[in-house]
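Chemist: Following this message is one structure expressed as C-alpha coordinates.
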Amino acid sequence: IHPRWVRICHWINALAILVMIGSGWQIYNASPLFGFVFPREIALGNWLAGALLWHFAAMWVLVINGVIYVTLGIVTGRFRRKLYPIRPSEVVADLKAAATFKLSHDDLSHYNAVQKLLYTGVILAGVVIVLSGLSIWKPVQFQELTALFGGYDAARYVHFLAMAAIVGFLIVHIALALIVPKSLRAMITGR
(Lines give C-alpha, C1' and ligand atoms only; values in the text may rest on other atoms or scores of the structure.)
Protein backbone atom coordinates (compact mmCIF):
# COMPACT_ATOMS: atom_id res chain seq x y z
CA ILE A 1 0.00 0.00 0.00
CA HIS A 2 2.75 2.43 0.96
CA PRO A 3 6.21 2.10 -0.60
CA ARG A 4 9.22 2.53 1.66
CA TRP A 5 9.93 6.10 0.51
CA VAL A 6 6.38 7.16 1.48
CA ARG A 7 6.71 5.64 4.95
CA ILE A 8 10.14 7.15 5.59
CA CYS A 9 9.03 10.60 4.42
CA HIS A 10 5.81 10.31 6.46
CA TRP A 11 7.58 9.61 9.76
CA ILE A 12 10.30 12.21 9.17
CA ASN A 13 7.55 14.74 8.41
CA ALA A 14 5.63 13.70 11.52
CA LEU A 15 8.60 14.37 13.79
CA ALA A 16 9.65 17.58 12.03
CA ILE A 17 6.09 18.96 12.02
CA LEU A 18 5.70 18.35 15.75
CA VAL A 19 8.96 20.24 16.40
CA MET A 20 7.90 23.03 14.03
CA ILE A 21 4.50 23.41 15.69
CA GLY A 22 5.83 23.34 19.26
CA SER A 23 8.63 25.79 18.54
CA GLY A 24 6.31 27.93 16.41
CA TRP A 25 3.94 28.26 19.33
CA GLN A 26 6.81 29.48 21.52
CA ILE A 27 7.81 31.99 18.82
CA TYR A 28 4.19 33.14 18.55
CA ASN A 29 4.05 33.62 22.35
CA ALA A 30 6.87 36.18 22.10
CA SER A 31 4.67 38.40 19.91
CA PRO A 32 1.07 37.14 19.83
CA LEU A 33 -1.21 37.99 16.92
CA PHE A 34 -4.37 37.29 18.86
CA GLY A 35 -5.55 37.63 22.46
CA PHE A 36 -4.07 34.34 23.62
CA VAL A 37 -0.78 32.51 24.02
CA PHE A 38 -0.03 28.80 23.94
CA PRO A 39 0.67 27.07 27.26
CA ARG A 40 4.39 26.68 28.01
CA GLU A 41 3.84 22.95 28.51
CA ILE A 42 3.10 22.41 24.83
CA ALA A 43 5.51 25.02 23.43
CA LEU A 44 9.08 24.03 22.60
CA GLY A 45 12.21 26.03 23.27
CA ASN A 46 11.51 27.66 26.67
CA TRP A 47 12.20 31.14 25.28
CA LEU A 48 12.31 32.93 21.94
CA ALA A 49 15.93 32.17 21.01
CA GLY A 50 15.61 28.51 21.97
CA ALA A 51 12.39 28.20 19.98
CA LEU A 52 13.99 29.83 16.94
CA LEU A 53 16.86 27.32 17.06
CA TRP A 54 14.43 24.39 17.16
CA HIS A 55 12.26 25.96 14.45
CA PHE A 56 15.12 26.56 12.02
CA ALA A 57 16.64 23.11 12.61
CA ALA A 58 13.32 21.35 11.95
CA MET A 59 12.57 23.71 9.06
CA TRP A 60 15.48 22.37 7.01
CA VAL A 61 14.52 18.77 7.74
CA LEU A 62 10.90 19.43 6.80
CA VAL A 63 11.66 21.39 3.63
CA ILE A 64 14.23 18.88 2.31
CA ASN A 65 12.00 15.94 3.18
CA GLY A 66 8.97 17.71 1.71
CA VAL A 67 10.78 18.39 -1.56
CA ILE A 68 11.80 14.72 -1.74
CA TYR A 69 8.23 13.58 -0.98
CA VAL A 70 6.57 15.88 -3.50
CA THR A 71 9.18 15.13 -6.19
CA LEU A 72 8.81 11.37 -5.75
CA GLY A 73 5.02 11.71 -5.56
CA ILE A 74 5.01 13.44 -8.94
CA VAL A 75 7.77 11.41 -10.65
CA THR A 76 6.39 8.01 -9.61
CA GLY A 77 2.84 9.02 -10.52
CA ARG A 78 1.63 8.29 -6.98
CA PHE A 79 -0.05 11.70 -6.63
CA ARG A 80 -1.84 11.30 -9.97
CA ARG A 81 -3.05 7.78 -9.05
CA LYS A 82 -3.92 8.42 -5.40
CA LEU A 83 -5.04 12.05 -5.21
CA TYR A 84 -6.76 12.85 -8.49
CA PRO A 85 -9.35 13.50 -9.67
CA ILE A 86 -11.20 15.21 -6.81
CA ARG A 87 -14.87 15.51 -7.70
CA PRO A 88 -17.06 17.79 -5.53
CA SER A 89 -20.02 15.39 -5.73
CA GLU A 90 -17.83 12.55 -4.40
CA VAL A 91 -16.53 14.77 -1.59
CA VAL A 92 -20.10 15.57 -0.54
CA ALA A 93 -21.14 11.91 -0.74
CA ASP A 94 -18.13 10.76 1.28
CA LEU A 95 -18.69 13.49 3.88
CA LYS A 96 -22.29 12.29 4.29
CA ALA A 97 -21.12 8.69 4.59
CA ALA A 98 -18.51 9.68 7.19
CA ALA A 99 -21.06 11.67 9.20
CA THR A 100 -23.33 8.63 9.38
CA PHE A 101 -20.42 6.22 10.08
CA LYS A 102 -21.00 4.44 6.76
CA LEU A 103 -17.72 5.35 5.06
CA SER A 104 -15.94 2.17 4.02
CA HIS A 105 -12.32 1.57 5.06
CA ASP A 106 -12.04 -1.88 3.50
CA ASP A 107 -9.55 -0.96 0.76
CA LEU A 108 -6.70 1.12 2.18
CA SER A 109 -5.01 1.29 -1.22
CA HIS A 110 -7.79 3.59 -2.46
CA TYR A 111 -8.30 7.07 -1.01
CA ASN A 112 -11.84 8.36 -0.71
CA ALA A 113 -12.69 11.83 -2.01
CA VAL A 114 -12.35 13.48 1.42
CA GLN A 115 -8.89 11.96 1.88
CA LYS A 116 -7.87 13.18 -1.56
CA LEU A 117 -9.06 16.68 -0.72
CA LEU A 118 -7.40 16.75 2.71
CA TYR A 119 -4.07 15.33 1.50
CA THR A 120 -3.96 17.77 -1.40
CA GLY A 121 -4.96 20.58 0.96
CA VAL A 122 -2.25 19.81 3.50
CA ILE A 123 0.39 19.72 0.76
CA LEU A 124 -0.80 23.15 -0.42
CA ALA A 125 -0.85 24.41 3.20
CA GLY A 126 2.74 23.16 3.46
CA VAL A 127 3.76 25.21 0.43
CA VAL A 128 1.99 28.30 1.81
CA ILE A 129 3.57 27.90 5.26
CA VAL A 130 7.07 27.58 3.77
CA LEU A 131 6.63 30.63 1.53
CA SER A 132 5.06 32.76 4.28
CA GLY A 133 7.78 31.53 6.65
CA LEU A 134 10.45 32.73 4.23
CA SER A 135 8.66 36.10 4.09
CA ILE A 136 8.75 36.36 7.89
CA TRP A 137 12.31 35.06 8.25
CA LYS A 138 13.93 37.20 5.54
CA PRO A 139 11.47 40.00 4.63
CA VAL A 140 14.17 42.16 3.02
CA GLN A 141 15.87 39.41 1.04
CA PHE A 142 12.48 38.04 -0.09
CA GLN A 143 10.75 41.42 -0.36
CA GLU A 144 8.83 40.50 -3.53
CA LEU A 145 7.50 37.35 -1.87
CA THR A 146 6.70 39.29 1.30
CA ALA A 147 4.84 41.86 -0.81
CA LEU A 148 2.77 39.05 -2.39
CA PHE A 149 1.52 38.20 1.10
CA GLY A 150 0.64 41.84 1.72
CA GLY A 151 3.71 42.66 3.80
CA TYR A 152 5.43 41.25 6.86
CA ASP A 153 2.46 41.53 9.23
CA ALA A 154 0.06 39.93 6.76
CA ALA A 155 2.57 37.13 6.12
CA ARG A 156 2.53 36.38 9.88
CA TYR A 157 -1.25 35.97 9.77
CA VAL A 158 -1.03 33.74 6.68
CA HIS A 159 1.68 31.68 8.40
CA PHE A 160 -0.49 31.29 11.51
CA LEU A 161 -3.57 30.30 9.49
CA ALA A 162 -1.58 27.75 7.48
CA MET A 163 -0.27 26.32 10.78
CA ALA A 164 -3.83 26.14 12.10
CA ALA A 165 -4.90 24.28 8.93
CA ILE A 166 -2.04 21.80 9.35
CA VAL A 167 -2.85 21.27 13.05
CA GLY A 168 -6.51 20.73 12.12
CA PHE A 169 -5.45 18.18 9.51
CA LEU A 170 -3.23 16.42 12.06
CA ILE A 171 -6.05 16.17 14.59
CA VAL A 172 -8.34 14.54 12.01
CA HIS A 173 -5.49 12.40 10.59
CA ILE A 174 -4.45 11.02 13.98
CA ALA A 175 -8.05 10.46 15.10
CA LEU A 176 -8.81 8.48 11.94
CA ALA A 177 -5.60 6.47 12.29
CA LEU A 178 -6.74 5.49 15.78
CA ILE A 179 -10.27 4.70 14.57
CA VAL A 180 -8.92 2.59 11.66
CA PRO A 181 -5.78 1.02 13.19
CA LYS A 182 -4.96 -1.03 10.10
CA SER A 183 -4.14 2.27 8.36
CA LEU A 184 -1.48 2.98 11.01
CA ARG A 185 -0.09 -0.53 10.61
CA ALA A 186 0.10 0.02 6.84
CA MET A 187 2.12 3.22 7.37
CA ILE A 188 4.56 1.23 9.50
CA THR A 189 4.83 -2.02 7.55
CA GLY A 190 3.74 -0.88 4.09
CA ARG A 191 0.97 -3.51 3.94
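Chemist: Using alpha-carbon positions, what is the distance between the centroids of region 5-30 and region 103-162, in Å?
Modeler: A separation of 14 Å, based on Cα centres.
Chemist: Expressed as a whole percentage, what fraction of the accessible surface of region 70-191 belongs to carbon and sulfur atoms when a 1.4 Å probe is rolled over the protein heavy atoms? It would help to have the intermediate numbers written out before the result.
Modeler: Values: 5320 of 7610 Å².
Roughly 70 percent of what the probe reaches on region 70-191 is carbon or sulfur.
Chemist: Return the sequence-ordered ³J(HN,Hα) values of region 97-105 in whole Hz as given by the Karplus equation 6.51 cos²θ - 1.76 cosθ + 1.60 applied to θ = phi - 60°, using x for Gly and Pro.
Modeler: So the J values, rounded to whole Hz, are 5, 5, 5, 9, 6, 10, 7, 6, 10.
Chemist: How large is ³J(HN,Hα) for each residue in region 42-49, as worked out from phi by the Karplus curve 6.51 cos²θ - 1.76 cosθ + 1.60 (θ = phi - 60°), to whole Hz, x for Gly and Pro?
Modeler: Result, ordered by residue: 10, 8, 10, x, 6, 7, 4, 5 Hz.
Chemist: Report, by chain and number, residues whose modeled amide H sits under 5 Å from the one on LEU44, excluding near sequence neighbours (fewer than 5 apart, same chain).
Modeler: SER23, TRP25, GLN26
Chemist: Over the chain, with the other protein chains present, what is the accessible area per residue in square angstrom, probe 1.4 angstrom? Mind showing how you got there, number by number?
Modeler: Values: 11620 Å² over 191 residues.
Here the per-residue accessible area is 61 Å².
Chemist: Provide the net charge surrounding PRO181, with neighbours chosen by a C-beta distance below 15 Å and charges set as Lys +1, Arg +1, Asp -1, Glu -1.
Modeler: Numbers: positive: LYS182, ARG185, ARG191; negative: ASP106.
That sum, taken over residues with Cβ under 15 Å, equals +2.
Chemist: Using only Cα atoms, what is the ratio of the radius of gyration of region 74-127 to 2.2 N^0.38 Å?
Modeler: On the way: Rg = 11.8 Å, N = 54, 2.2 N^0.38 = 10.0 Å.
Here the Cα radius of gyration is 1.18 times the empirical estimate.
Chemist: Further question on the same structure: Each residue of region 127-136 in order: what ³J(HN,Hα) in whole Hz does its phi give by Karplus 6.51 cos²θ - 1.76 cosθ + 1.60, θ = phi - 60°, with x for Gly and Pro?
Modeler: For region 127-136, the Karplus curve yields 5, 5, 5, 5, 5, 5, x, 4, 5, 6 Hz.
Chemist: Also: For THR189 and GLU41, calculate 0.36 nm times their separation in residues minus their Cα-Cα distance, and state this gained length in nm to one decimal. Numbers along the way, then the final one.
Modeler: Details: separation 148, 0.36 × 148 = 53.28 nm, distance 3.26 nm.
Gain on stretching THR189 to GLU41: 50.0 nm.
Chemist: Another question, then. Select from GLN115, LEU103, SER135 the residue farthest towards the positive end of the dipole of the chain; place +1 on Cβ of Lys and Arg, -1 on Cβ of Asp and Glu, and compute about the Cα centre.
Modeler: LEU103
Chemist: Size of the dipole of the chain about the Cα centre, Lys and Arg at +1 and Asp and Glu at -1 on the beta carbon, nothing else charged, in debye to 20?
Modeler: Numbers: 16 positive and 7 negative charges, 136 e Å.
Its charge dipole is roughly 660 debye.
The values are calculated or read from the model by the stated rules, or taken from the named source; none is laboratory data. Only a predicted model underlies this, so the values are computations on that prediction, with no experimental measurement involved. Positions of Cβ are backbone-derived with ideal geometry, glycine not excepted, and every protein chain shown enters the neighbour counts. Calculation scope for accessible area: heavy atoms of the full protein, side chains included, ligands and nucleic acids excluded. Shrake-Rupley method; radii C 1.70, N 1.55, O 1.52, S 1.80 Å.
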